[in-house]
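**Student:** One structure coming up, written as structure tokens, with questions to follow.
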Amino acid sequence: MTTAPQELAGRACTALTSAGLIRLITEIDDNGPIPPRGLARIFPDLTRHQIRQTIEQAHTLGLARIRSGAGLGLTDAGLQLADLYDSTARWARTHNYPRPACTFITRVRATLQLLTPVQGPVAAPSAAPVEAVGDLAQLREALDRWIDSHWSGGEPAGVLQSLPETA
């Protein structure tokens with residue numbers, strides 16, 4: 001059974017909005033591979049279990065891998081996802097979404113949720129100017145291209161099948 005693009009996009013958004021995953025991908029993108037025992041130092045607010053779970057999720061989704069001698073690094077999909085995270089956060093910051101003062105993670109999560117195709121086309125916040133809606137549609141196109149490039153068939157598309165659809 002193949003996954004419809006809209007359903008796959010919804011499941012992908014669910015997977016990609018994990019706060020731990022956003023932090024991990026962004027940290028590696030900003031600072032390079034993380035040495036084997038460096039994760040606890042970098043993420044002191046997370047338990048070992050949470051760190052392990054985030055690494056497993058990144059690995060399962062094809063976003064990160066252990067590089068011999070270097071530690072945990074990003075795959076091409078992970079690097080491109082980091083760019084997508086940056087773009088979504090930039091859009092959110094420019095348009096004060098979801099509110100004027102919030103964290104990078106909150107901005108990325110809220111914007112990806114806007115891109116989730118639950119009820120059809122992308123719907124920007126009601127007070128958004130036409131420019132914001134157009135930019136948001138471009139982000140959705142970028143997300144779709146990323147999904148097509150990295151998750152359109154095989155793994156991790158099979159893993160996404162087991163995730164719940166977005167609420």
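The values are calculated or read from the model by the stated rules, or taken from the named source; none is laboratory data. Because the structure is predicted, anything quoted here is derived from the model rather than measured. Please note: Cβ atoms are built from the backbone with ideal geometry, for glycine as well, and neighbour counts cover all protein chains shown.
**Student:** If we scan region 29-51, do we find a residue that is modelled with pLDDT of 90 or more, within 16 Å of Ile147 (Cβ to Cβ) and either aliphatic (A, V, I, L, M) or part of a loop (DSSP other than H, G, I, E, B) (or both)?
**Tutor:** No; the residues of region 29-51 include none that is modelled with pLDDT of 90 or more, within 16 Å of Ile147 (Cβ to Cβ) and either aliphatic (A, V, I, L, M) or part of a loop (DSSP other than H, G, I, E, B) (or both).
**Student:** Is it the case, given these coordinates, that Ala101 is more than 19 Å from Ala12 (Cα to Cα) and not basic (Lys, Arg)?
**Tutor:** On the way: more than 19 Å from Ala12 (Cα to Cα): yes; not basic (Lys, Arg): yes.
Answer is yes for this residue.
**Student:** Quick check on region 39-71: of everything there that is in contact (Cβ under 8 Å) with a residue 60 or more places away in the chain and crowded, with 16+ Cβ neighbours inside 10 Å, which residue is farthest from the chain's Cα centre (by Cα)? Give the steps one after another, and end with the answer.
**Tutor:** We begin by selecting, within region 39-71, every residue in contact (Cβ under 8 Å) with a residue 60 or more places away in the chain; these are 60-62.
Pick out the ones that are also crowded, with 16+ Cβ neighbours inside 10 Å and you get 61-62.
Values: Leu61: 11, Gly62: 12 Å.
Applying the filter and picking the extreme gives Gly62.
**Student:** Leu74 passes all but one of (1) in contact with a Phe, Trp or Tyr (Cβ under 8 Å, 6 or more places away or on another chain); (2) free of Cβ contacts under 8 Å to residues at least 60 places away in the same chain; (3) within 23 Å of Ala9 (Cα to Cα); which number fails?
**Tutor:** Status for Leu74: all satisfied but (1).
**Student:** Condition first: assigned to a loop (DSSP other than H, G, I, E, B), modelled with pLDDT under 95 and hydroxyl-bearing (Ser, Thr, Tyr). Now tell me which residues in region 77-124 satisfy that.
**Tutor:** Matches in region 77-124: Tyr97, Thr116.
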